[in-house]
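Notes follow once the structure below has been shown.
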Amino acid sequence: RGDQTYAAAGGGKVLQVVSTSTTDQFSTASNTLTDCTPMTVDITPSATTSKVLVLVNMTVGGTADNRTGIALQRDSSDIFQGADSSNRQGTSSGTQAAEDNSVYNVAFQYLDSPSSTSALTYHIQVSAQTNGSETMYLNRTGTNTDNQFSKNTASSITVMEIGA
């Protein structure tokens, strides 16, 4: 503290952790953001001063040329997303499938300040931003055939309450 004494450490403590891991497969051909139902987690902060650290790790595949948009929401509010512009969709992250047998890992984190002690739902929305009839898939390749190139994977969304 500058006076030859030490102040007690405060804040920054992890108060609770809630996580959802899934191997469920999900798909959409919609070019508008759609709830990715397996990627949802609920938390009730213990104080309005708490922050919530959101960790997302997901694997997506798609049919060739699919451009997957991935967006984080708290309840029905968009958080940690770029702005929509012209014909570009604002998202948290995204991928572009080069071929049907590929999967792509998407990982990001966001420190939210919800100022709430109510139950909160953090969830992922996805879109298949397409030039035709492409589809995005959670936890699998676009072809999902029984060969050495196809993959079945897992994804997770974790939230941590951080004390002030």
Discussion item. Restricting to the range 51-94, and then to whatever is out of contact with any Ser or Thr (no Cβ under 8 Å at 6 or more places or on another chain) and over 24 Å from Ser21 (Cα atoms), can you tell me which residue is modelled with the highest pLDDT?
Written reply: Ala83
Worksheet entry | Lone unmet requirement of (1) of a type in the set (Val, Ile, Thr); (2) in contact (Cβ under 8 Å) with a residue 24 or more places away in the chain; (3) surrounded by fewer than 15 Cβ atoms within 10 Å (Cβ to Cβ); (4) in a loop (DSSP other than H, G, I, E, B) for Thr5 | (2)
Item to complete: From (1) open to solvent by less than 60 Å² (accessible area, probe 1.4 Å); (2) within 23 Å of Glu161 (Cβ to Cβ), pick out the condition that doesn't hold for Gly82.
Response: (2)
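Take the residues in the range 106-160 that are acidic (Asp, Glu) and not in a strand (DSSP E or B), then tell me which one is modelled with the lowest pLDDT.
So the residue we want is Asp146.
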Worksheet item: Exactly one of (1) touching a strand residue (DSSP E or B) at 6+ places or on another chain (Cβ under 9 Å); (2) open to solvent by 50 Å² or more (accessible area, probe 1.4 Å); (3) among the charged types (D, E, K, R) is unmet by Arg74. Its number?
Response: (2)
Fill in: Positions within the range 16-37 being surrounded by 14 or more Cβ atoms within 10 Å (Cβ to Cβ) and hydrophobic (A, V, I, L, M, F, W, C), in sequence order
Val18, Phe26, Ala29, Leu33, Cys36
Worksheet item: Of everything in the range 59-103 that's among the aliphatic types (A, V, I, L, M) and assigned to a strand (DSSP E or B), which residue is farthest from Phe26 (Cα to Cα)?
Response: Ile79
Practice prompt. Please list, ordered by first then second residue, the pairs with beta carbon atoms under 6 Å, 6 or more apart or interchain, first in the range 38-59 and open to solvent by 10 Å² or more (accessible area, probe 1.4 Å), second acidic (Asp, Glu).
Written response: Pro38/Asp24
Discussion item. For the range 60-84, which positions are free of Cβ contacts under 8 Å to residues at least 24 places away in the same chain and either more than 19 Å from Ala128 (Cβ to Cβ) or among the hydrophobic types (A, V, I, L, M, F, W, C) (or both)?
Written reply: Ser76, Ser77, Ala83
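The values are calculated or read from the model by the stated rules, or taken from the named source; none is laboratory data. What you see is a predicted model; the values in this text were computed from it and never measured. Methodologically, a virtual Cβ is constructed for each residue, glycine included, from the backbone with ideal geometry; neighbour enumeration extends over all protein chains shown. These accessible areas exclude ligands, DNA and RNA; they are computed on the full protein's heavy atoms, side chains included. Shrake-Rupley method; radii C 1.70, N 1.55, O 1.52, S 1.80 Å.
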